[in-house]
Amino acid sequence: MFDFSIVTKWFDELLRQTLGLGDFWTILIECVIVGVAILTAYALIAIALIFMERKVCAYFQCRLGPVRVGPWGIFQVFADVVKMLIKEIFSVDKADKMLYYIAPLLVIIASVGTFSFLPWNKGAHILDFNVGVFLVTAISSIGVVGVFLAGWGSNNKYSVVSAMRGCVQMISYEISLGLCLVAAVALTGTMQVSGIVDAQTGPWGWLIVKGHVPAIIAFLVFLVAGNAEANRGPFDLAEAESELTAGYHTEYSGMGFGFYYLAEYLNLFVISGIATAVFLGGWAPLNIGVESFDNLMNYIPGIVWFMGKTFAVVWLLMWIRWTFPRLRIDQILKLEWKYLMPLSLLNLVLMTICVALGWYIE
């Protein structure tokens with residue numbers, strides 16, 4: 001398995017020793033390159049996810065999806081991006097202008113921040129702190145503020161109702177998300193995202209196998225709670241078009257709306273990426289203890305493993321969206337507070353017992 005840290009160390013030495021740059025300029029150049037890489041990957045993955053969503057939706061509804069703009073309709077999303085960029089950005093009368101304009105920025109900042117923690121390959125971690133799991137949950141919580149400010153700042157009754165629904169839902173399901181991650185931390189013994197992935201290398205090392213029943217329960221609860229956290233169907237009551245027009249972003253146009261649109265799809269990718277890193281081994285290949293098979297799997301680059309697993313989880317969540325009907329707000333909250341949160345707490349206790357007694361695969 002190729003270690004990408006070899007490339008990063010070589011580039012750092014190139015700037016410091018070969019070019020003779022000081023610490024300030026070296027760090028500045030590296031930060032700029034990393035920032036450009038994050039934003040580029042963010043935009044490209046968003047385009048891929050939008051196209052994928054339309055095709056998956058069409059497949060489940062026995063339609064074709066985009067077919068006219070470019071071969072197989074692959075340029076339809078690019079046409080939509082251009083349209084979004086040239087749309088007029090208008091301001092709403094009697095809106096709180098400061099809150100109205102800050103809200104989309106908070107949502108996109110939270111989305112990009114959590115996106116930066118994804119472990120793409122061995123040694124290819126953009127942000128990798130020793131309390132990474134804690135920081136991921138903390139940064140993702142900023143998006144709740146952006147949702148609420150959008151509804152309140154728009155001075156629109158439909159937007160306010162939608163924002164209240166969205167905030168209650170997101171805050172509620174963050175509890176189950178956090179408990180599932182704590183269960184993984186209890187098994188691996190680290191809060192560092194790269195450390196959790198490293199703990200899943202080796203034969204049958206993926207957490208859903210290594211931690212058996214408690215890890216599988218945590219994984220399934222994480223998918224349900226993550227879907228709700230991202231405001232995806234069937235938990236998209238905050239954007240219920242039939243009763244709240246477009247929800248908390250009703251009064252936004254142009255890239256103001258575009259930021260929310262981007263964040264929704266990238267949050268889907270982030271949830272899938274975190275699920276992959278924590279429960280499915282991240283960039284770690286599938287090893288089963290057979291030398292010939294394991295050697296073959298190790299030839300596949302880590303980023304291919306990570307992207308393949310992540311898009312498989314994305315496809316599963318899209319399948320769920322286009323299969324189940326939208327829930328009512330009372331049903332959404334009842335599912336979390338009466339079922340998922342107690343189940344997550346019991347599962348955390350079960351995981352702790354398994355770790356204490358050694359009932360897991362070494």
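All of the numbers you see were taken from the coordinates with simple rules; none came from a lab. The structure displayed is predicted, hence computed values, not measured ones. A quick note on method: Cβ atoms are made from the backbone with ideal geometry, for glycine too, and the neighbour counts reach across all protein chains shown.
Tabulated values for the structure
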{"quantity": "Convex hull (Cα only) mean projected area of the range 196-303, reported in nm² to one decimal", "calculated": "8.7"}
{"quantity": "Packing-based order for 143-151, 190-198, 70-78, using average beta carbon neighbours within 10 Å, highest first", "calculated": "143-151, 190-198, 70-78"}
{"quantity": "DSSP H segments from the chain that extend 30 Å or more along their own axis, Cα-based, with Kyte-Doolittle mean of -0.5 or above", "calculated": "23-60, 157-188, 254-279"}
{"quantity": "Relative packing of peptides 320-326, 165-171, 16-22 - highest average C-beta neighbours within 10 Å first", "calculated": "165-171, 320-326, 16-22"}
{"quantity": "Above-threshold pairs, the threshold being 31 Å between Cα atoms, out of 9/55; 122/338; 210/338", "calculated": "9/55; 122/338"}
{"quantity": "Cα shape, the range 234-357, gyration tensor, a/c 1.5 rule", "calculated": "oblate"}
{"quantity": "Where the Cα pairs of the range 89-357 fall when distances are cut into 10 Å bins, in %", "calculated": "7, 29, 33, 20, 8, 2, 0"}
{"quantity": "The range 298-362 shape via C-alpha gyration tensor axes, a/c threshold 1.5", "calculated": "oblate"}
{"quantity": "Kirkwood Rh, angstrom, the range 1-97 [1 / mean 1/r, Cα pairs]", "calculated": "17.8"}
{"quantity": "Test item: Cα-centred dipole of the range 22-89, Lys/Arg +1 and Asp/Glu -1 on Cβ, debye", "calculated": "560"}
{"quantity": "Helix-derived mean residue ellipticity, 222 nm - over the chain, DSSP H n ≥ 4, -39500 (n - 2.57), to 500", "calculated": "-21500 deg cm²/dmol"}
{"quantity": "Cα gyration tensor shape of the range 33-152, rounded if a/c is under 1.5, else prolate or oblate by comparing a/b with b/c", "calculated": "oblate"}
{"quantity": "Mean Cα-pair separation over length for the range 89-357, i.e. relative contact order, pairs under 8 Å, 6 or more apart, %", "calculated": "26"}
{"quantity": "Cross-link reach list, lysines versus residue 94, counting only Cα pairs under 29 Å and skipping chain neighbours closer than eight places", "calculated": "83, 157"}
{"quantity": "Segments 348-359, 259-270, 298-309 sorted - mean Cβ within 10 Å per residue, highest first", "calculated": "259-270, 298-309, 348-359"}
{"quantity": "Cα-based equivalent ellipsoid, the range 127-202: semi-axes from gyration tensor eigenvalues, Å", "calculated": "34, 12, 7"}
{"quantity": "Estimated dipole of the chain in Debye, rounded to 20 [Cβ of Lys and Arg +1, of Asp and Glu -1, Cα centre]", "calculated": "840"}
{"quantity": "Mean separation of Cα contacts under 8 Å, 6 or more apart, over the residue count of the range 225-362: relative contact order %", "calculated": "27"}
{"quantity": "Residue 171-residue 39 FRET efficiency (beta carbon distance; Förster radius 30 Å; 0.05 resolution)", "calculated": "0.60"}
